[in-house]
Amino acid sequence: MVFVFIFLFLIIYFFHKLLRSQFFNSNKNESFLQQIPGPFNFPIIGGVYLLDRNNLHLSFDKLYKKYGKIFSIKFGVVNTVVLNEPDIIFEAFHKNANFFSDRYMLPSINILSGNGSNIAFSNGEYWKKIRSEFSSLITKSKNKNLETEFNKHYFNFENFLSGYIKKNDTIYIKPFIMTYTFNVVYGLIFNESVEYEQELIPKEISDFIQSLFDVLKETTLCPDYLPFLIYFKNYDHLKEMTKKMIANVNPKIKKILNEMDESNPKTLLENLIVSIKNDKDNILKIEHLDHIVVDLILAGMETTGGVIEWMVLNLTNNIDIQNKLYKELLSNNFLSYPSINEASNYPYFNACVKETMRRSPIASMGPPRLCTKDIEIGGYIIPKGTQIFSNLYSYSFSEKFHKDPFLFKPERFIECPNTPILIFNLGSRQCPAKGMAESEIFAFGTKLFKKFLFTSPNDQVIDDKPLFHVSLTPKKWLVKITER
């Protein structure tokens with residue numbers, strides 16, 4: 001009885017608070033949003049009754065099929081607009097980039113990003129500065145030794161895998177792919193790497209990696225949108241995992257700060273430290289480095305590693321396509337492997353990558369953006385302060401844009417090479433490491449699929465229905481690997 005009373009009190013309290021904030025301060029916003037197609041929104045909970053937290057991409061897809069290229073919905077107390085087709089996403093994020101460049105900062109994002117002090121979830125002048133510095137550092141690294149790093153880590157991966165499959169040719173490959181992508185980004189930052197034998201990875205590193213994946217499951221918390229749920233599920237676990245990740249990188253950052261030669265920076269982190277110390281505007285701070293580093297590792301592992309895993313799975317399920325790719329790799333360079341500067345000479349490989357990004361979109365819905373001005377998009381006024389999502393999943397699987405969208409057909413990108421791929425987003429918020437990620441996938445994939453053949457262990461099609469967290473990931477799956 002006491003619980004019921006408390007629950008009713010909380011509902012009345014938050015409903016009262018919601019009415020005050022929404023009716024008196026945002027009546028115009030409500031009027032604008034009502035003009036945009038969308039479902040009925042209840043007080044307090046909005047339209048979340050239509051959203052399956054475990055399959056949010058499918059919930060968005062149902063709404064897209066019903067309401068079209070743009071729809072509005074309230075995520076609890078948060079006014080939200082979802083953009084579903086390339087033209088309207090381009091109109092907002094490219095043509096009107098200045099008004100959609102900021103992130104919508106939710107409580108969970110504030111915790112993970114150190115109140116917006118990383119790269120992915122920073123805003124304003126700080127974001128412009130850190131993005132500019134990071135893009136410059138990536139360009140310098142690419143011109144110097146980026147390909148050398150990719151190759152070093154790939155051949156360590158290859159040597160391990162060749163030995164491992166002699167003992168057991170049917171494996172769960174994801175941990176090894178993620179170790180490779182971890183080693184690439186960890187090496188660029190700290191000039192360190194770990195072994196591929198999972199039992200040889202130091203506990204503090206394995207705990208750190210596990211926290212990286214666990215945190216992705218925690219950043220879609222209901223209290224972000226339904227504040228009264230904070231009394232039933234709070235942010236303590238997310239705070240704990242974030243602290244663990246920060247605690248892992250902090251001692252390494254401090255050591256580099258004490259020991260590095262600022263006149264001769266060698267790693268990505270050392271170059272960033274020099275840039276921060278030379279920042280005359282004093283926008284960037286040394287104390288932000290921990291969240292920046294965690295952000296780089298998380299993004300480097302999740303996006304690149306996810307694309308590679310999905311590509312292996314898709315080619316395993318489509319052996320004819322895998323063999324066709326192998327022939328291209330063999331005919332172009334029989335004795336060796338291509339340089340990343342030769343990527344244009346491998347159209348079928350590039351088509352396989354693009355089709356992987358379309359057929360298995362890691363970022364099914366881009367990170368939320370903030371509309372910073374009342375602006376017309378797609379014939380509707382989107383009010384200032386609205387949360388904006390880009391629904392990449394529905395675009396990827398819409399027959400309006402892709403014939404036979406559920407089939408894996410790289411040829412579609414040979415026939416229509418300018419078909420948009422939006423996994424790295426658009427406009428000023430496009431991933432600053434896009435070029436690096438594409439080069440890493442090319443360097444890794446052209447070697448991997450030339451060296452190994454991937455097949456289903458039981459000759460059955462592997463289940464490729466994704467799991468939704470923040471990104472779309474495959475279920476645990478096994479693959480049989482043989483050397484060619």
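Read the figures in this text as sums done on the coordinates, not as results from a lab. Just so it is clear, the structure is predicted and the values come from calculations on it, not from any experiment. A quick note on method: Cβ atoms are made from the backbone with ideal geometry, for glycine too, and the neighbour counts reach across all protein chains shown.
Here are the numbers:
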{"quantity": "Cβ-defined net charge surrounding M311, 10 Å radius [Lys, Arg +1; Asp, Glu -1]", "calculated": "-1"}
{"quantity": "Cα long-axis angle, helix 319-332 against the chain (0 to 90 degrees, to the nearest 10)", "calculated": "60"}
{"quantity": "Relative exposure of E376, E199, E91, judged by other C-beta atoms within 10 Å (fewest first)", "calculated": "E199, E376, E91"}
{"quantity": "Cα-based shape type of the range 161-292, given that a ≥ b ≥ c are square roots of the gyration tensor eigenvalues and the cut on a/c is 1.5", "calculated": "oblate"}
{"quantity": "Helix-only mean residue ellipticity at 222 nm for the chain, each DSSP H run of n ≥ 4 adding -39500 (n - 2.57), per residue, nearest 500", "calculated": "-15500 deg cm²/dmol"}
{"quantity": "Label-point separation, Q430 to S132 (7 Å along Cα→Cβ), nm", "calculated": "1.9"}
{"quantity": "Within the chain: Cβ-based charge dipole about Cα centre, in debye rounded to nearest 20 (Lys, Arg +1; Asp, Glu -1)", "calculated": "760"}
{"quantity": "Fewest-first sequence of V215, V194, V461 by Cβ atoms within 10 Å of each Cβ", "calculated": "V461, V194, V215"}
{"quantity": "In order through the range 418-429: 3J(HN,Hα) via Karplus (6.51 cos²θ - 1.76 cosθ + 1.60), integer Hz, x for Gly, Pro", "calculated": "8, 4, x, 10, 10, 4, 8, 6, 10, x, 5, 8"}
{"quantity": "Lysine-lysine proximity count for the range 30-132, Cα under 20 Å, sequence distance 8 or more or distinct chains", "calculated": "5"}
{"quantity": "Least to most buried among I286, I73 (fewest other Cβ within 10 Å first)", "calculated": "I286, I73"}
{"quantity": "Vicinal HN-Hα couplings computed from phi for the range 294-307 (Karplus, 6.51 cos²θ - 1.76 cosθ + 1.60; Hz; Gly/Pro x)", "calculated": "4, 4, 4, 5, 4, 5, x, 6, 5, 6, 5, x, x, 4"}
{"quantity": "Normalised contact order of the chain, rounded percent, pairs of Cα under 8 Å and 6 or more residues apart", "calculated": "24"}
{"quantity": "Backbone HN-Hα couplings from phi across the range 77-93 [Karplus 6.51/-1.76/1.60, Hz, Gly and Pro as x]", "calculated": "9, 9, 5, 9, 10, 10, 9, 10, 10, x, 5, 7, 5, 5, 4, 6, 7"}
{"quantity": "Among [x] -0.71; [y] -0.52; [z] -0.78, the entry derived from the coordinates for log10 I(q)/I(0) by the Debye sum over Cα atoms at q = 0.08 Å⁻¹", "calculated": "[y]"}
{"quantity": "DSSP bridge pairs, the chain: antiparallel proportion in percent, nearest 5", "calculated": "85"}
{"quantity": "Selection from S108, S162, N332, by position along the positive dipole direction of the range 25-483 (Cβ)", "calculated": "S108"}
